[in-house]
1. Condition first: of a type outside the set (A, V, I, L, M, F, W, C), under 25 Å from the mean Cα position of the chain (by Cα) and part of a helix (DSSP H, G or I). Now tell me which residues in the stretch 23-63 satisfy that.
2. Check every one of the helices (runs of 4 or more DSSP H) wholly within the stretch 195-306 and list those with 3 or more residues that are at pLDDT 75 or above.
3. In the stretch 61-87, which residues are closer than 12 Å to ILE37 by Cβ and in contact with a Lys or Arg (Cβ under 7 Å, 6 or more places away or on another chain)?
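The values are calculated or read from the model by the stated rules, or taken from the named source; none is laboratory data. Quantities reported herein were computed from a predicted structural model and do not represent experimental measurements. So basically every Cβ, Gly included, is an ideal-geometry build from the backbone, and we count neighbours across all protein chains shown.
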Amino acid sequence: MNNLTTYAGLILAVIFWGLSFVATKIALESIPVFTLIFIRFFLSAVFFGLLILKNGFPRFSSKGRRLVFLTAIFEPVLYFIFETKGLQYTSAPKASLIIAMIPLVVLVLASFVLKERAKTAGFFGILISLFGIWLLITGARDFSWDFQGALMGDILIFGAVFSAAIYIICARHLGKKYSSLEITTMQTLYGTMFFALPFAWELPGVQWSLVSGRSMAALVYLTIFATIAAYLFYNHALTKIPAARAAIFINGIPLVTIVGSWFLLEETLTLVQAVGGVLVLAAIFITSFPDLKTLNNKIKPINVVR
């Protein structure tokens, strides 16, 4: 039952994060970048602050505090700067497919840092995914080698990929000693403090009267579901299963994003980009197939009463 709960939480986290690309694009229609990020994390910090009042402040060793601080620098700080800025220039479906490379980067890092054995198929998958990413970027209707617009957005999204991969490795290490709630609480508090300064710099220019109800609804979604709930679910999973296996579930983010973008943003991929996206997802499947077999063996014995 614990495994089933863990995997159910991972699936929900993927759905929440998949739709977060769409929600971010909608929020950015009338809310500036750092204002959006700060309000999102400030409201989340209020939630976790109430939990601190009830349960007490998370207790970390001096080494644990340094590691959770480092974890927060990579995610949420660097990750959300790269992702949110990147989504100003590139499409949500393409961004989510680039983000889908996180498991491959985690695979490489985990083999060196956590000594989680990597298989040959993983490195073969990396080569296929790189070609897929090439098609995703160059197959856009408005692609050019000018480091502006969509290409700049794609580069920023790659920054988010590496930030998230390092975060997963750090959080997996932290999860051996601390609970998902403790890790998520400190991530949120540190993130709020980091984003306060750029928010203060941006605040005088914010035109609150122009913020739409659509953008405000997106902000509420990002705060409650994509920040609080998704991180709690994902960090909990990282305390229960290997980092590489937890990262497999990120593969589903593009599918959620593509469907959400189609309905809410009317964004689509070109045929060449679609081929690139299929190659990326195929590469990740090749990489994670042994873990999927293990997952299947864990779930198969469970009988569902109807």
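1. Selection gives THR24, LYS25, THR35, ARG40, SER44, GLY49.
2. By residue number, 213-221, 230-238, 253-264, 271-299.
3. Across the stretch 61-87, the qualifying residue is only LEU87.
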